[in-house]
Amino acid sequence: MRCPFCGSPDSQVKDSRAAEDGIAIRRRRICPDCNGRFTTFERVQLRELVVIKKSGRRVPFDREKLARSIRTALRKRDAEPERVERMISGIVRQLESTGEADVPSAAIGRLVMEALLGFDDVAYVRFASVYQDFQHAADFAGVLGELTADERVEADDAN
């Protein structure tokens, strides 16, 4: 593994342990050249996924890009990092288990929306505003109306 500090091609693993409920391996590494310490994560990848954008362009799936967009939606929200990682891993597993190597970006967006809906209402609205390309305040009102309608249904089901 290349050192992120000095670029040396070698690093030594000092500690390995299971992470993310056994889905990943966390490795603490040290660079023999600059003594820099850093952490890497190793995950099982079932298949190489390719995202098909709205424009038709094909790009390799990037788990970190998915994680950044979810963390952006959750910015300044009280969300446990482990729970967020489990949500991200769950979305990736769903994508990999479809059996398809080509995944439309809209399908990824729908999975994120479903995951955020049960996770955090504010993050759901934030993500929806970008994913659904909100242009007007009425777009927000529509999503908020859906959320409150869902809450009313859940309250009725509880009674």
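The values are calculated or read from the model by the stated rules, or taken from the named source; none is laboratory data. The structure displayed is predicted, hence computed values, not measured ones. Every residue, glycine as well, gets a Cβ built from its backbone with ideal geometry; the counts of neighbours run over all protein chains shown.
Look through 52, 23 and report the one residue that is touching a Ser or Thr at 6+ places or on another chain (Cβ under 7 Å), closer than 30 Å to residue 130 by Cβ and not assigned by TED's automatic domain parsing to the domain that holds residue 90. Lay out the reasoning, then the answer.
Values: 52 fails: not assigned by TED's automatic domain parsing to the domain that holds residue 90.
Checking each option against the conditions leaves just 23.
With the condition kept exactly as written, say whether any residue in the range 125-142 is in contact with a helix residue (DSSP H, G or I) (Cβ under 7 Å, 6 or more places away or on another chain), buried (at least 17 other Cβ atoms within 10 Å of the Cβ), part of a loop (DSSP other than H, G, I, E, B) and among the hydrophobic types (A, V, I, L, M, F, W, C).
No, there is no match, as no residue in the range 125-142 is in contact with a helix residue (DSSP H, G or I) (Cβ under 7 Å, 6 or more places away or on another chain), buried (at least 17 other Cβ atoms within 10 Å of the Cβ), part of a loop (DSSP other than H, G, I, E, B) and among the hydrophobic types (A, V, I, L, M, F, W, C).
Take residue 86 and tell me if it is in the same structural domain as residue 119 (by TED's automatic domain parsing), surrounded by 13 or more Cβ atoms within 10 Å (Cβ to Cβ) and charged (D, E, K, R).
Values: in the same structural domain as residue 119 (by TED's automatic domain parsing): yes; surrounded by 13 or more Cβ atoms within 10 Å (Cβ to Cβ): yes; charged (D, E, K, R): yes.
Against the criterion (in the same structural domain as residue 119 (by TED's automatic domain parsing), surrounded by 13 or more Cβ atoms within 10 Å (Cβ to Cβ) and charged (D, E, K, R)), residue 86 qualifies.
Checking residue 61 against (1) among the aromatic types (Phe, Trp, Tyr); (2) outside the structural domain of residue 95 (by TED's automatic domain parsing); (3) in contact with a strand residue (DSSP E or B) (Cβ under 6 Å, 6 or more places away or on another chain), which test does it fail?
Unmet for residue 61, out of (1) among the aromatic types (Phe, Trp, Tyr); (2) outside the structural domain of residue 95 (by TED's automatic domain parsing); (3) in contact with a strand residue (DSSP E or B) (Cβ under 6 Å, 6 or more places away or on another chain): (2).
How many residues are surrounded by 14 or more Cβ atoms within 10 Å (Cβ to Cβ) and either in a loop (DSSP other than H, G, I, E, B) or over 23 Å from the mean Cα position of the chain (by Cα) (or both) if we restrict to the range 6-32? Outline the logic, then answer.
Our first condition is that a residue be surrounded by 14 or more Cβ atoms within 10 Å (Cβ to Cβ); within the range 6-32, this holds for 8, 11, 19-20, 23-31.
Next cut, either in a loop (DSSP other than H, G, I, E, B) or over 23 Å from the mean Cα position of the chain (by Cα) (or both) only: 8, 11, 20, 23, 29-31.
Counting residues in the range 6-32 that are surrounded by 14 or more Cβ atoms within 10 Å (Cβ to Cβ) and either in a loop (DSSP other than H, G, I, E, B) or over 23 Å from the mean Cα position of the chain (by Cα) (or both) gives 7.
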